[in-house]
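Enquirer: Below is the structure I would like to discuss, written out as C-alpha coordinates.
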Amino acid sequence: MKNNFVFFLFSPFLGLIQAIKHYRESWARNSIWLFVIFYGYTMYRPEIMDSSRYVAKLQELYNAPVSWDAFLSNFYSDETGTVDIYQPLVTYLLSFFTNNGNVLFAVFGILFGFFYSRNIWLLLDLSKKQKMTVGMVTVLIAFCCVIGFWNLNGVRMWTAAHMFFYGAFLLLVNGNKKGVIVAVLSILVHFSFVLPVGILLLFYFVKIPWRILYFFFISSFFISSLNIESIRSRLESVAPDFLLPRVKSYTSDEYVETISDLNATGNWYITYYSISINWYIMILFTIIYFSKSKFSAYSKSFSNLFGFSLLFLSVGNITSLLPSGNRYLLVAQLFATALLFFYYVVYEDREYRKWAMLCSPLLFFFIIVSVRMSFDTISLMTILTNPVLATIVDLPIPLIDLIK
(Lines give C-alpha, C1' and ligand atoms only; values in the text may rest on other atoms or scores of the structure.)
Protein backbone atom coordinates (compact mmCIF):
# COMPACT_ATOMS: atom_id res chain seq x y z
CA MET A 1 0.00 0.00 0.00
CA LYS A 2 2.87 2.38 0.79
CA ASN A 3 4.26 2.01 -2.71
CA ASN A 4 0.99 3.27 -4.21
CA PHE A 5 1.09 6.64 -2.50
CA VAL A 6 4.87 7.10 -2.62
CA PHE A 7 4.85 6.69 -6.39
CA PHE A 8 1.67 8.73 -6.71
CA LEU A 9 3.04 11.70 -4.77
CA PHE A 10 6.45 11.58 -6.45
CA SER A 11 5.44 10.62 -10.00
CA PRO A 12 2.23 8.83 -11.00
CA PHE A 13 3.80 7.95 -14.36
CA LEU A 14 6.73 6.29 -12.59
CA GLY A 15 4.13 4.44 -10.51
CA LEU A 16 2.57 3.19 -13.75
CA ILE A 17 5.94 1.91 -14.98
CA GLN A 18 6.69 0.21 -11.67
CA ALA A 19 3.22 -1.38 -11.60
CA ILE A 20 3.87 -2.88 -15.03
CA LYS A 21 7.27 -4.13 -13.92
CA HIS A 22 5.97 -5.59 -10.64
CA TYR A 23 2.53 -6.66 -11.78
CA ARG A 24 2.51 -9.63 -9.39
CA GLU A 25 2.66 -7.33 -6.36
CA SER A 26 -0.59 -6.58 -4.55
CA TRP A 27 -0.12 -2.81 -4.82
CA ALA A 28 0.35 -2.76 -8.60
CA ARG A 29 -3.32 -2.56 -9.61
CA ASN A 30 -3.90 0.42 -7.33
CA SER A 31 -0.94 2.24 -8.87
CA ILE A 32 -2.66 1.89 -12.24
CA TRP A 33 -5.87 3.18 -10.67
CA LEU A 34 -4.14 6.23 -9.17
CA PHE A 35 -2.39 6.97 -12.46
CA VAL A 36 -5.72 7.04 -14.32
CA ILE A 37 -7.09 9.51 -11.75
CA PHE A 38 -4.02 11.71 -12.25
CA TYR A 39 -4.39 11.40 -16.01
CA GLY A 40 -7.94 12.70 -15.65
CA TYR A 41 -6.61 15.72 -13.75
CA THR A 42 -3.87 16.52 -16.27
CA MET A 43 -5.37 15.36 -19.58
CA TYR A 44 -5.47 17.67 -22.58
CA ARG A 45 -9.06 18.43 -23.56
CA PRO A 46 -9.43 19.80 -27.11
CA GLU A 47 -12.56 21.84 -27.79
CA ILE A 48 -13.83 19.32 -30.34
CA MET A 49 -13.95 16.50 -27.78
CA ASP A 50 -16.78 15.57 -25.41
CA SER A 51 -14.66 16.43 -22.39
CA SER A 52 -14.79 20.16 -23.16
CA ARG A 53 -18.58 20.01 -23.28
CA TYR A 54 -18.70 18.38 -19.84
CA VAL A 55 -16.36 21.04 -18.41
CA ALA A 56 -18.48 23.79 -19.96
CA LYS A 57 -21.56 22.31 -18.26
CA LEU A 58 -19.73 22.24 -14.91
CA GLN A 59 -18.82 25.91 -15.28
CA GLU A 60 -22.36 26.79 -16.31
CA LEU A 61 -23.81 25.11 -13.22
CA TYR A 62 -21.18 26.72 -11.01
CA ASN A 63 -21.93 30.21 -12.31
CA ALA A 64 -25.71 29.73 -12.40
CA PRO A 65 -26.71 27.10 -9.81
CA VAL A 66 -29.98 25.25 -10.25
CA SER A 67 -32.15 23.66 -7.60
CA TRP A 68 -32.26 19.91 -7.02
CA ASP A 69 -35.83 19.76 -8.32
CA ALA A 70 -34.88 21.65 -11.47
CA PHE A 71 -31.93 19.33 -11.97
CA LEU A 72 -34.09 16.22 -11.61
CA SER A 73 -36.62 17.58 -14.10
CA ASN A 74 -33.97 17.33 -16.85
CA PHE A 75 -34.02 13.53 -16.77
CA TYR A 76 -36.22 11.61 -19.18
CA SER A 77 -37.78 14.74 -20.64
CA ASP A 78 -38.44 15.44 -24.32
CA GLU A 79 -36.73 18.84 -24.05
CA THR A 80 -33.32 17.70 -22.77
CA GLY A 81 -33.22 14.03 -23.79
CA THR A 82 -31.08 13.29 -20.71
CA VAL A 83 -31.25 9.57 -19.90
CA ASP A 84 -27.85 8.91 -18.30
CA ILE A 85 -27.49 9.39 -14.55
CA TYR A 86 -23.78 9.18 -13.71
CA GLN A 87 -22.11 12.04 -15.60
CA PRO A 88 -24.84 14.67 -15.05
CA LEU A 89 -25.09 13.79 -11.34
CA VAL A 90 -21.32 13.97 -10.71
CA THR A 91 -21.11 17.25 -12.64
CA TYR A 92 -24.03 18.75 -10.72
CA LEU A 93 -22.69 17.78 -7.28
CA LEU A 94 -19.18 19.05 -8.04
CA SER A 95 -20.56 22.37 -9.28
CA PHE A 96 -21.33 23.25 -5.63
CA PHE A 97 -17.59 23.26 -4.89
CA THR A 98 -15.63 23.98 -8.07
CA ASN A 99 -15.67 24.97 -11.72
CA ASN A 100 -12.31 23.30 -12.37
CA GLY A 101 -12.44 20.84 -15.26
CA ASN A 102 -9.29 19.11 -13.98
CA VAL A 103 -11.07 18.19 -10.76
CA LEU A 104 -14.12 17.00 -12.70
CA PHE A 105 -12.11 14.55 -14.79
CA ALA A 106 -10.04 13.41 -11.83
CA VAL A 107 -13.32 12.42 -10.18
CA PHE A 108 -14.45 10.73 -13.39
CA GLY A 109 -11.12 8.90 -13.33
CA ILE A 110 -11.94 7.33 -9.96
CA LEU A 111 -14.68 5.07 -11.32
CA PHE A 112 -13.10 4.59 -14.75
CA GLY A 113 -9.68 3.81 -13.26
CA PHE A 114 -11.11 1.36 -10.75
CA PHE A 115 -12.79 -0.83 -13.36
CA TYR A 116 -9.97 -0.37 -15.92
CA SER A 117 -7.33 -1.59 -13.45
CA ARG A 118 -9.53 -4.38 -12.07
CA ASN A 119 -10.31 -5.68 -15.54
CA ILE A 120 -6.62 -5.97 -16.34
CA TRP A 121 -6.06 -7.97 -13.17
CA LEU A 122 -9.02 -10.22 -13.89
CA LEU A 123 -6.88 -11.48 -16.76
CA LEU A 124 -3.58 -11.44 -14.89
CA ASP A 125 -5.14 -13.53 -12.12
CA LEU A 126 -5.77 -16.24 -14.71
CA SER A 127 -2.01 -16.57 -15.23
CA LYS A 128 -0.84 -16.52 -11.61
CA LYS A 129 1.00 -19.82 -11.91
CA GLN A 130 2.51 -19.19 -15.33
CA LYS A 131 5.33 -17.16 -16.76
CA MET A 132 4.09 -14.57 -19.21
CA THR A 133 5.08 -15.31 -22.80
CA VAL A 134 5.52 -12.75 -25.58
CA GLY A 135 2.22 -13.80 -27.12
CA MET A 136 0.36 -13.44 -23.84
CA VAL A 137 1.87 -10.01 -23.17
CA THR A 138 0.98 -8.80 -26.67
CA VAL A 139 -2.66 -9.84 -26.33
CA LEU A 140 -2.84 -8.31 -22.85
CA ILE A 141 -1.49 -5.01 -24.20
CA ALA A 142 -4.10 -5.14 -26.96
CA PHE A 143 -6.78 -5.68 -24.32
CA CYS A 144 -5.54 -2.59 -22.47
CA CYS A 145 -5.67 -0.59 -25.72
CA VAL A 146 -9.14 -1.60 -26.97
CA ILE A 147 -10.69 0.90 -24.56
CA GLY A 148 -7.59 2.52 -23.07
CA PHE A 149 -7.48 4.90 -20.14
CA TRP A 150 -7.20 7.76 -22.65
CA ASN A 151 -10.83 7.04 -23.58
CA LEU A 152 -11.79 8.80 -20.35
CA ASN A 153 -12.60 11.71 -22.68
CA GLY A 154 -15.83 9.87 -23.58
CA VAL A 155 -16.52 9.23 -19.93
CA ARG A 156 -20.09 7.94 -20.19
CA MET A 157 -19.71 5.25 -22.85
CA TRP A 158 -16.32 3.94 -21.87
CA THR A 159 -16.82 3.93 -18.11
CA ALA A 160 -19.98 1.93 -18.76
CA ALA A 161 -18.00 -0.39 -21.04
CA HIS A 162 -15.47 -1.30 -18.36
CA MET A 163 -18.21 -1.65 -15.75
CA PHE A 164 -20.11 -4.00 -18.04
CA PHE A 165 -17.02 -6.08 -18.82
CA TYR A 166 -16.21 -6.42 -15.13
CA GLY A 167 -19.71 -7.55 -14.23
CA ALA A 168 -20.09 -9.90 -17.20
CA PHE A 169 -16.64 -11.46 -16.58
CA LEU A 170 -17.50 -12.13 -12.94
CA LEU A 171 -20.70 -13.86 -14.05
CA LEU A 172 -19.42 -15.83 -17.03
CA VAL A 173 -15.92 -16.81 -15.93
CA ASN A 174 -15.92 -16.64 -12.14
CA GLY A 175 -19.51 -17.81 -11.72
CA ASN A 176 -20.28 -14.86 -9.45
CA LYS A 177 -23.92 -13.87 -9.94
CA LYS A 178 -23.28 -10.50 -8.29
CA GLY A 179 -21.66 -9.58 -11.58
CA VAL A 180 -25.14 -9.14 -13.04
CA ILE A 181 -25.70 -6.22 -10.69
CA VAL A 182 -22.54 -4.45 -11.85
CA ALA A 183 -23.40 -5.12 -15.50
CA VAL A 184 -26.92 -3.74 -15.09
CA LEU A 185 -25.63 -0.64 -13.29
CA SER A 186 -23.68 0.25 -16.44
CA ILE A 187 -27.03 1.35 -17.92
CA LEU A 188 -27.05 4.24 -15.41
CA VAL A 189 -23.73 5.41 -16.85
CA HIS A 190 -24.78 5.10 -20.50
CA PHE A 191 -28.31 4.21 -21.57
CA SER A 192 -27.12 2.28 -24.65
CA PHE A 193 -25.93 -0.57 -22.42
CA VAL A 194 -29.48 -1.78 -22.39
CA LEU A 195 -28.42 -3.75 -25.48
CA PRO A 196 -25.26 -5.43 -24.05
CA VAL A 197 -27.11 -6.27 -20.83
CA GLY A 198 -29.91 -7.79 -22.90
CA ILE A 199 -27.38 -9.86 -24.86
CA LEU A 200 -25.77 -11.04 -21.62
CA LEU A 201 -29.10 -12.14 -20.15
CA LEU A 202 -30.10 -13.83 -23.42
CA PHE A 203 -26.85 -15.79 -23.49
CA TYR A 204 -27.05 -16.71 -19.81
CA PHE A 205 -30.61 -18.03 -19.90
CA VAL A 206 -30.79 -19.38 -23.47
CA LYS A 207 -28.16 -21.99 -24.29
CA ILE A 208 -27.22 -21.44 -27.92
CA PRO A 209 -24.99 -24.07 -29.58
CA TRP A 210 -21.49 -22.99 -30.57
CA ARG A 211 -22.15 -23.96 -34.19
CA ILE A 212 -24.96 -21.43 -34.49
CA LEU A 213 -22.96 -18.76 -32.66
CA TYR A 214 -19.89 -19.29 -34.84
CA PHE A 215 -21.72 -19.14 -38.16
CA PHE A 216 -23.69 -16.12 -36.97
CA PHE A 217 -20.33 -14.52 -36.17
CA ILE A 218 -18.82 -15.36 -39.57
CA SER A 219 -21.92 -14.15 -41.39
CA SER A 220 -21.93 -10.86 -39.48
CA PHE A 221 -18.26 -10.34 -40.32
CA PHE A 222 -19.04 -10.08 -44.02
CA ILE A 223 -22.21 -7.95 -43.85
CA SER A 224 -21.49 -4.74 -45.75
CA SER A 225 -24.64 -2.61 -45.40
CA LEU A 226 -27.87 -2.13 -43.45
CA ASN A 227 -31.14 -0.35 -44.13
CA ILE A 228 -30.87 2.47 -41.59
CA GLU A 229 -34.39 3.75 -42.27
CA SER A 230 -35.85 0.34 -41.46
CA ILE A 231 -33.76 0.08 -38.28
CA ARG A 232 -34.78 3.58 -37.21
CA SER A 233 -38.47 2.73 -37.60
CA ARG A 234 -38.04 -0.53 -35.70
CA LEU A 235 -36.19 1.09 -32.83
CA GLU A 236 -38.74 3.88 -32.53
CA SER A 237 -41.52 1.32 -32.36
CA VAL A 238 -39.98 -0.68 -29.49
CA ALA A 239 -38.13 2.00 -27.50
CA PRO A 240 -39.83 3.40 -24.37
CA ASP A 241 -40.98 7.01 -24.60
CA PHE A 242 -38.15 8.41 -22.49
CA LEU A 243 -35.54 6.94 -24.88
CA LEU A 244 -37.18 8.17 -28.10
CA PRO A 245 -35.30 11.51 -28.21
CA ARG A 246 -31.96 9.67 -28.01
CA VAL A 247 -32.96 7.05 -30.56
CA LYS A 248 -34.03 9.74 -33.01
CA SER A 249 -30.86 11.78 -32.49
CA TYR A 250 -28.58 8.78 -33.07
CA THR A 251 -30.41 7.62 -36.22
CA SER A 252 -31.33 10.94 -37.80
CA ASP A 253 -30.20 11.71 -41.34
CA GLU A 254 -28.19 14.68 -40.05
CA TYR A 255 -26.31 12.51 -37.56
CA VAL A 256 -25.63 9.84 -40.18
CA GLU A 257 -24.23 12.49 -42.51
CA THR A 258 -22.08 14.03 -39.77
CA ILE A 259 -20.54 10.69 -38.82
CA SER A 260 -19.91 9.86 -42.49
CA ASP A 261 -18.14 13.19 -42.99
CA LEU A 262 -15.98 12.64 -39.91
CA ASN A 263 -15.01 9.16 -41.07
CA ALA A 264 -14.17 10.48 -44.52
CA THR A 265 -11.79 13.12 -43.13
CA GLY A 266 -10.01 10.80 -40.69
CA ASN A 267 -6.50 9.48 -41.24
CA TRP A 268 -6.25 6.16 -43.06
CA TYR A 269 -4.75 4.37 -40.06
CA ILE A 270 -7.75 5.30 -37.90
CA THR A 271 -9.93 3.30 -40.27
CA TYR A 272 -7.65 0.31 -40.65
CA TYR A 273 -6.47 -0.16 -37.07
CA SER A 274 -9.94 -1.30 -36.02
CA ILE A 275 -10.18 -3.55 -39.08
CA SER A 276 -6.81 -5.11 -38.25
CA ILE A 277 -7.82 -6.29 -34.78
CA ASN A 278 -11.17 -7.48 -36.12
CA TRP A 279 -9.43 -9.73 -38.65
CA TYR A 280 -6.99 -10.93 -35.97
CA ILE A 281 -9.89 -11.90 -33.73
CA MET A 282 -11.82 -13.57 -36.56
CA ILE A 283 -8.84 -15.72 -37.61
CA LEU A 284 -7.93 -16.87 -34.11
CA PHE A 285 -11.54 -17.47 -33.09
CA THR A 286 -11.81 -19.71 -36.15
CA ILE A 287 -8.70 -21.60 -35.07
CA ILE A 288 -10.17 -22.06 -31.58
CA TYR A 289 -13.53 -23.18 -32.93
CA PHE A 290 -12.03 -25.87 -35.16
CA SER A 291 -9.53 -26.95 -32.49
CA LYS A 292 -12.20 -27.95 -30.00
CA SER A 293 -11.88 -31.58 -31.02
CA LYS A 294 -8.32 -31.60 -29.64
CA PHE A 295 -9.59 -31.31 -26.11
CA SER A 296 -12.01 -33.64 -24.40
CA ALA A 297 -13.91 -30.66 -23.04
CA TYR A 298 -13.41 -26.97 -22.51
CA SER A 299 -13.96 -25.65 -19.01
CA LYS A 300 -17.33 -24.06 -18.29
CA SER A 301 -15.67 -20.69 -17.72
CA PHE A 302 -13.92 -20.78 -21.07
CA SER A 303 -17.02 -22.03 -22.88
CA ASN A 304 -19.12 -19.24 -21.39
CA LEU A 305 -16.64 -16.53 -22.38
CA PHE A 306 -16.12 -17.94 -25.88
CA GLY A 307 -19.83 -18.33 -26.59
CA PHE A 308 -20.69 -14.87 -25.28
CA SER A 309 -17.81 -13.30 -27.21
CA LEU A 310 -19.07 -14.90 -30.44
CA LEU A 311 -22.58 -13.59 -29.83
CA PHE A 312 -21.50 -10.10 -28.81
CA LEU A 313 -19.01 -9.82 -31.69
CA SER A 314 -21.79 -10.77 -34.10
CA VAL A 315 -24.02 -8.01 -32.79
CA GLY A 316 -21.06 -5.61 -32.75
CA ASN A 317 -20.23 -6.35 -36.39
CA ILE A 318 -23.80 -5.56 -37.38
CA THR A 319 -24.19 -2.41 -35.28
CA SER A 320 -20.82 -1.10 -36.51
CA LEU A 321 -22.55 -0.37 -39.83
CA LEU A 322 -24.78 2.16 -38.05
CA PRO A 323 -23.63 5.66 -37.06
CA SER A 324 -21.67 5.37 -33.79
CA GLY A 325 -22.62 1.68 -33.66
CA ASN A 326 -18.97 0.65 -33.82
CA ARG A 327 -18.81 1.43 -30.10
CA TYR A 328 -20.52 -1.88 -29.37
CA LEU A 329 -17.88 -3.63 -31.45
CA LEU A 330 -15.15 -2.10 -29.27
CA VAL A 331 -16.86 -3.43 -26.15
CA ALA A 332 -17.14 -6.85 -27.81
CA GLN A 333 -13.43 -6.70 -28.63
CA LEU A 334 -12.71 -6.39 -24.90
CA PHE A 335 -14.29 -9.81 -24.43
CA ALA A 336 -12.59 -11.21 -27.52
CA THR A 337 -9.07 -10.19 -26.49
CA ALA A 338 -9.76 -11.46 -22.97
CA LEU A 339 -10.80 -14.80 -24.49
CA LEU A 340 -7.62 -14.98 -26.59
CA PHE A 341 -5.53 -14.34 -23.47
CA PHE A 342 -7.54 -16.98 -21.58
CA TYR A 343 -6.82 -19.52 -24.34
CA TYR A 344 -3.10 -18.76 -24.20
CA VAL A 345 -3.07 -19.36 -20.46
CA VAL A 346 -5.15 -22.53 -20.25
CA TYR A 347 -4.52 -24.52 -23.44
CA GLU A 348 -1.27 -25.66 -25.02
CA ASP A 349 -2.36 -25.41 -28.65
CA ARG A 350 0.61 -25.20 -31.03
CA GLU A 351 -1.63 -24.53 -34.02
CA TYR A 352 -3.20 -21.57 -32.24
CA ARG A 353 0.18 -20.14 -31.25
CA LYS A 354 1.50 -20.57 -34.77
CA TRP A 355 -1.42 -18.63 -36.24
CA ALA A 356 -1.16 -16.03 -33.50
CA MET A 357 2.45 -15.43 -34.49
CA LEU A 358 1.63 -15.29 -38.21
CA CYS A 359 -1.14 -12.74 -37.58
CA SER A 360 0.82 -10.73 -35.03
CA PRO A 361 1.50 -7.84 -37.48
CA LEU A 362 -2.24 -7.10 -37.38
CA LEU A 363 -2.13 -6.86 -33.59
CA PHE A 364 1.07 -4.81 -33.55
CA PHE A 365 -0.48 -2.35 -36.00
CA PHE A 366 -3.52 -2.02 -33.76
CA ILE A 367 -1.39 -1.41 -30.65
CA ILE A 368 0.87 1.15 -32.36
CA VAL A 369 -2.07 3.18 -33.69
CA SER A 370 -3.85 2.99 -30.32
CA VAL A 371 -0.78 4.36 -28.54
CA ARG A 372 -0.49 7.09 -31.17
CA MET A 373 -4.12 8.09 -30.55
CA SER A 374 -3.46 8.32 -26.82
CA PHE A 375 -0.95 11.10 -27.51
CA ASP A 376 -3.84 13.42 -28.39
CA THR A 377 -4.90 13.68 -24.74
CA ILE A 378 -1.94 12.48 -22.64
CA SER A 379 -0.13 15.67 -21.69
CA LEU A 380 3.41 16.47 -20.68
CA MET A 381 2.00 17.20 -17.23
CA THR A 382 0.76 13.60 -17.04
CA ILE A 383 4.28 12.31 -17.71
CA LEU A 384 6.48 14.87 -15.97
CA THR A 385 4.59 16.22 -12.97
CA ASN A 386 2.95 14.96 -9.80
CA PRO A 387 -0.18 15.93 -7.82
CA VAL A 388 1.64 18.77 -6.06
CA LEU A 389 3.14 20.36 -9.17
CA ALA A 390 -0.07 19.82 -11.16
CA THR A 391 -2.01 22.04 -8.75
CA ILE A 392 0.51 24.84 -9.28
CA VAL A 393 1.12 24.54 -13.03
CA ASP A 394 -1.73 24.08 -15.50
CA LEU A 395 -0.19 23.83 -18.97
CA PRO A 396 -1.51 20.60 -20.49
CA ILE A 397 0.47 20.21 -23.71
CA PRO A 398 -0.44 16.99 -25.57
CA LEU A 399 2.38 14.60 -26.44
CA ILE A 400 1.33 14.73 -30.10
CA ASP A 401 2.69 18.30 -30.24
CA LEU A 402 6.18 16.88 -29.73
CA ILE A 403 5.81 14.71 -32.83
CA LYS A 404 4.12 17.06 -35.30
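Enquirer: Name the residue from Tyr23, Phe97, Ile85 whose Cα lies farthest towards the positive end of the charge dipole of the stretch 1-106, charges +1 on Cβ of Lys and Arg and -1 on Cβ of Asp and Glu.
Expert: Tyr23
Enquirer: Give me the percent relative contact order of the stretch 270-400, please, defined on Cα pairs under 8 angstrom at least 6 residues apart.
Expert: Details: 91 pairs, mean separation 38.1, N = 131.
Here the relative contact order equals 29 percent.
Enquirer: Restricting to Cα pairs below 8 Å that are 6+ residues apart, what does the relative contact order work out to for the stretch 31-120? Please round to a whole percent.
Expert: Numbers: 81 pairs, mean separation 48.5, N = 90.
Reported relative contact order: 54 percent.
Enquirer: With a probe of 1.4 Å, find how much accessible area the stretch 283-404 has per residue, and write the answer as a whole number in Å².
Expert: Working: 5090 Å² over 122 residues.
In whole numbers, the stretch 283-404 has 42 Å² accessible per residue.
Enquirer: Cross-link list Lys300/Lys354; Lys131/Lys300; Lys57/Lys178; Lys131/Lys177; Lys21/Lys354; Lys129/Lys178: which exceed 32 angstrom alpha carbon to alpha carbon?
Expert: Working: Lys300/Lys354 25 Å; Lys131/Lys300 24 Å; Lys57/Lys178 34 Å; Lys131/Lys177 30 Å; Lys21/Lys354 27 Å; Lys129/Lys178 26 Å.
From the list (Lys300/Lys354; Lys131/Lys300; Lys57/Lys178; Lys131/Lys177; Lys21/Lys354; Lys129/Lys178), the Cα-Cα distance tops 32 Å for Lys57/Lys178.
Enquirer: Using a probe radius of 1.4 Å on heavy atoms only, what accessible surface per residue do you get for the stretch 1-98? Whole Å² is fine.
Expert: Values: 5450 Å² over 98 residues.
Accessible surface, normalised per residue, equals 56 Å².
Enquirer: Using DSSP to define loop residues, name the trypsin sites (Lys or Arg not before Pro) in the stretch 39-139 whose beta-carbon has at most 15 other beta-carbon atoms within 10 Å.
Expert: Numbers: sites: Arg53, Lys57, Arg118, Lys128, Lys129, Lys131; in loops: Lys128, Lys129, Lys131.
Listed in order of number, the matching sites are Lys128, Lys129, Lys131.
Enquirer: Treat each spin label as a single point 7 Å out from the Cα along the C-beta direction, and report the Ile20 to Lys178 distance in nm.
Expert: Inter-label distance under the simple model: 3.2 nm.
Enquirer: Using the basic label-point model (7 angstrom from Cα toward the beta carbon), what is the Arg53 to Tyr347 distance in nanometres?
Expert: Going by the 7 Å Cα→Cβ label model, 4.2 nm.
The values are calculated or read from the model by the stated rules, or taken from the named source; none is laboratory data. Keep in mind it's a predicted model, so treat the numbers as computed, not measured. Methodologically, a virtual Cβ is constructed for each residue, glycine included, from the backbone with ideal geometry; neighbour enumeration extends over all protein chains shown. Areas reflect the complete protein model, heavy atoms only, side chains present, ligands, DNA and RNA absent. Shrake-Rupley method; radii C 1.70, N 1.55, O 1.52, S 1.80 Å.
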